1. Take the residues of segment B:287-308 that are assigned to a helix (DSSP H, G or I) and free of Cβ contacts under 8 Å to residues at least 12 places away in the same chain: which is farthest from B:V184 (Cα to Cα)?
2. Which number in (1) touching a residue at least 60 places away in the same chain (Cβ under 8 Å); (2) in a loop (DSSP other than H, G, I, E, B) marks the one condition that A:F284 misses?
3. Just one of the numbered conditions (1) modelled with pLDDT under 80; (2) within 27 Å of A:R310 (Cβ to Cβ) is not true of A:V224; which one?
4. Could you say whether any residue in segment B:129-138 is outside the structural domain of B:M35 (by TED's automatic domain parsing), in a loop (DSSP other than H, G, I, E, B), within 29 Å of A:F284 (Cα to Cα) and at pLDDT 75 or above?
5. Which condition breaks for C:G37 when tested against (1) out of contact with any helix residue (DSSP H, G or I) (no Cβ under 6 Å at 6 or more places or on another chain); (2) under 20 Å from C:M85 (Cβ atoms); (3) small (G, A, S)?
6. Restricting the search to segment C:235-247, which residues are surrounded by 14 or more Cβ atoms within 10 Å (Cβ to Cβ) and not in a loop (DSSP other than H, G, I, E, B)?
7. Taking the criterion of being buried (at least 16 other Cβ atoms within 10 Å of the Cβ), in contact with an Asp or Glu (Cβ under 8 Å, 6 or more places away or on another chain) and of a type in the set (G, A, S), would at least one residue in segment B:26-49 satisfy it?
8. If a residue has to be of a type in the set (S, T, N, Q) and either more than 11 Å from every other protein chain (Cβ to nearest Cβ) or not in a helix (DSSP H, G or I) (or both) to count, how many in segment B:193-210 make the cut?
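The values are calculated or read from the model by the stated rules, or taken from the named source; none is laboratory data. Keep in mind that what you see is a predicted model, and the values were worked out from it rather than measured. Ideal geometry is used to build each Cβ from the backbone, glycine not excepted, and the neighbour counts take in all protein chains shown.
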Amino acid sequence: MSIFRSLIRKEVLHLLRDPRTVTVVLVMPVVLLLLFGFAISTEVNGVRLLAVVGQHTDETHRLLERFRSNPCFTLEGIVAPHEADDLLRQGKADAVLVLRTDGGQLTHQVITDASNTNLAQTATAYIESVASGESSSPIVLHTLYNPQLKSAYQFVPGIMGMIFILICSMMTSVSIVSERESSTMDLLLVSPVRPRTIILGKLVPYFLLSCLLLGLMLTLSYTVLGLPFSPSALHVVWLSLLYIILALGLGMLVSTLVSTQVAALLVSGMLFMVPVIMLSGMIFPVENMPVALQGVSCLIPARWYISALRVLMIQQLPVRHILPQTAVLALMTLVVLTLAAKKFNLRK
Amino acid sequence: MQTRILRILLKKELTLMLRNPLIPRLIVAMPLLVMLVIPLVADLDVKDVGVAVVDRDHSLLSRRLVADMDASASLTVTAVCDTYDEALRHIERGDADVVLTIPSGYFRDLSGGKSPHLDLSANGVNATKGILGAQYASRSLLQTLTRWSAEEGTALPEAATASVLNRYNPTLNFRNYMIPALMVVLLILICGFLPALNLVSEKESGTIEAMNVTPVGRFTFVLSKLIPFWAIGLLVVTVGMLVGWLVYGLVPAGHIAYIYLAAILFTLVMSGLGVSIANRSSTLLQSIFVMFAFIVIFQLMGGLFTPIASMPRWAQVLTYAIPPRYFIEIMRAVYLKGAGIADLWQQYAALAAFALLFCLVAAKTYRKRE
Amino acid sequence: MKTSENVISVRHLTKRFGDFTAVDDLSLDVRKGEIFGFLGANGAGKTTAMRMLCGLSRPTSGSGTVAGFDIVRQPEDIKRHIGYMSQKFSLYGQLTVRENLTLFATIYGMPASDIRRKADEACRALGMDGVRDRPVRDLPLGWKQRLAFTAATLHTPDIVFLDEPTGGVDPATRRKFWEMIYRASSEGMTLFVTTHYLDEAEYCHRVSIMVDGRIRALDSPAGLKQQFRAATMDEVFRIVAQDARRT
């Protein structure tokens, strides 16, 4: 046991000697959570609108006044048709409202900068609804689970899915490979210490670091970001621990497959980071992808983890709703750990 | 200026790059991967919105509302339920995004001149899909109601319909919005990571010390690290533009020279940053993590996936310090709107300033002597 | 301003890293054409001292000249007149023998025609004609070391600094290496060599022994043996370094 403890101490000292990396590791998740929580959203607010008015009448004044008082719009001014064109191209405005009065009948046209498709669509919808007047709509809208439609809610699970892969898989694989490069690993492997102990000694510090991060991120999510706290938080914790172990196993597996640090980085970067960001449903919904890529996404642990976290943290559903995801993650963990242990022994 | 030394150093960099087993492949594979896969994946368009209907009215009108909704392009009625709880379970299982409740007596009340309400509940877990789905659903409901009232001769408030002209991207194709920006992603990744990797691995192999003890000047050495990535950046942009043209049929509306000019400036920004970080790092892991932090923030705050206009005021101010912001604006404007330097000189000026700044920092932080 | 007599002349050089004084008050003169052996145990401060002389490290205090230039203010001028070979093999592994030689010779400003001729000559002298176009990564260690030495001396610098050049190579290669050092010396270059091998110290014209950042003894091998009443340099070293605190 004392060998094990001294191995861990060595690893922790090694980590602490590089305060910059530790800082990045600890600060980045916080920055990401805060950015997603407060800065980044896909909602459209503040459409910059230009008006081109053919003939000023009481009706056009009333209409423009409605836009001016609407918080969704910034009326940038009333301009001549050719100016509107220039401003749209320079990106100084998002949409133009053209008002014409023909024989007492007011007609309007909306010109959008459709180079940003989402903005153009939403702007059109907003303009139509303001222009048609605030007649009482016969439809009432509610939002379930996420009443303020905060995008932070959607991103918290995604960020956690990404960070653990980054730390557990990338850091462990690079750290094991760097030891092999400097051949201190051989030194350990010829010593009477059993390979199992060596591996555990490598993994435990990163496991502890990940637990620290898990605590940090959950605290932030439930306090600063205001995610609703409920008993399901407990399930979030054990599910995350399972995911962390899986990610550590992946890191170990990569380290047995490559021989240089750069290769370890590229492999874990290309094989883990990019798919996690692109295919796990973190940013882009899985169901919008082509079927082939949806199939690929099934192989990505983060996809299952993130979808389970969404169920637990946002929908707050009972634990039986995440059984399939948990089963898949457990199976993956088993396979990865078995493979890694086997490979690592052979490599001796 | 040590032109002769610079020339031999560049030759060395080029030879090393070509002999590296990974880099030439990366330069070709990355653009293909990013340009072919991401547009398939990065689809924020909302299609296939599932609607679970709770029809308590069971009238001719309620059935028509449901049928029209199912017939509309982006909406599918996945279940017709008897109770709201049952509909909610469809949401929990994920096969519906919106619940429509038609109250009992809706048809009677509407015909009787009252104004009854239809009730839409959107799933807020995926905010974009929920909100847009609910909007689509309510648009479909309104259309049906308008048509119905026209047929019945009863007056519902007339919805003013405007003609809409979508400039620059008339088909509202989301890919046209993404593809120019993807080339920015490519340059961020390739020109950010590779110089950092290159320099740190020279540090680890000790060759950088062999250089430090020679008369090679600081600027010459840093230039020999920056210029190759300049060339690689232009190559990558070219491959990206070719893929955009051949695969997606998207060609820049503006002059290609404006794109190259912006790309040159931006590669300098990124490789300058990469070299500066590598100068300050002692291990590979360290430089990669610091670089990674920059890249994540660049991608998120640069207006790539989410529009800058949607950010709160303070965050919008912050984005002025994020160089990719300007490059993304230039790429989209030149590609889709056919803009030129006259329209975009502010963005070019900002990029040039950043390029100068980062290259100076790169040269300043490179120490030949401890 | 170049003195013909001493090519290295430093006084009271000190280098501190935080609380740790790696090199403490080093004063030293090395004559032109000399083979100067710079001895010391691991961690005695040899490499740090050498890095200061080469302009790789800025002295915390002290002054001096190397190849006639001020080591504090003119490190870049010094670099033009020296060659350096570090203990870590530091040629570009992916470049071929000839590419490495051309790279370093060009950096030192040799004319292109000279480079081709001298590189060919050097390859022949090293017996590496057959592997001229092979990446140096694939060569055996002894060949790599001799190649690194050639790269450091192709431009005939005034002074060549060698940091443990023979670490880890077999005795036959070491002997070949010292033949190269003698040849360089006979061509008028000054050689400043750190080494662990005390038998190599015997080949030097003069030797200094560093202990805990300070020079404890400096003379010709014969003079040192006489001074410490020892039969071999090995014995001299043991006497001088017996009270070393850093090992």
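1. B:F289
2. If we test A:F284 against (1) touching a residue at least 60 places away in the same chain (Cβ under 8 Å); (2) in a loop (DSSP other than H, G, I, E, B), just (1) comes out false.
3. So A:V224 meets the others, but not (1).
4. Looking for residues that are outside the structural domain of B:M35 (by TED's automatic domain parsing), in a loop (DSSP other than H, G, I, E, B), within 29 Å of A:F284 (Cα to Cα) and at pLDDT 75 or above, one finds none in segment B:129-138, hence no.
5. Against the list (1) out of contact with any helix residue (DSSP H, G or I) (no Cβ under 6 Å at 6 or more places or on another chain); (2) under 20 Å from C:M85 (Cβ atoms); (3) small (G, A, S), C:G37 comes up short only on (1).
6. C:E235, C:V236, C:F237, C:I239, C:V240
7. Within segment B:26-49 (the criterion being buried (at least 16 other Cβ atoms within 10 Å of the Cβ), in contact with an Asp or Glu (Cβ under 8 Å, 6 or more places away or on another chain) and of a type in the set (G, A, S)), the answer is no, since none of the residues qualifies.
8. Here is the first cut: in segment B:193-210, the ones of a type in the set (S, T, N, Q) are B:198, B:201, B:205, B:207.
Remaining after also requiring either more than 11 Å from every other protein chain (Cβ to nearest Cβ) or not in a helix (DSSP H, G or I) (or both): none.
Count: 0.
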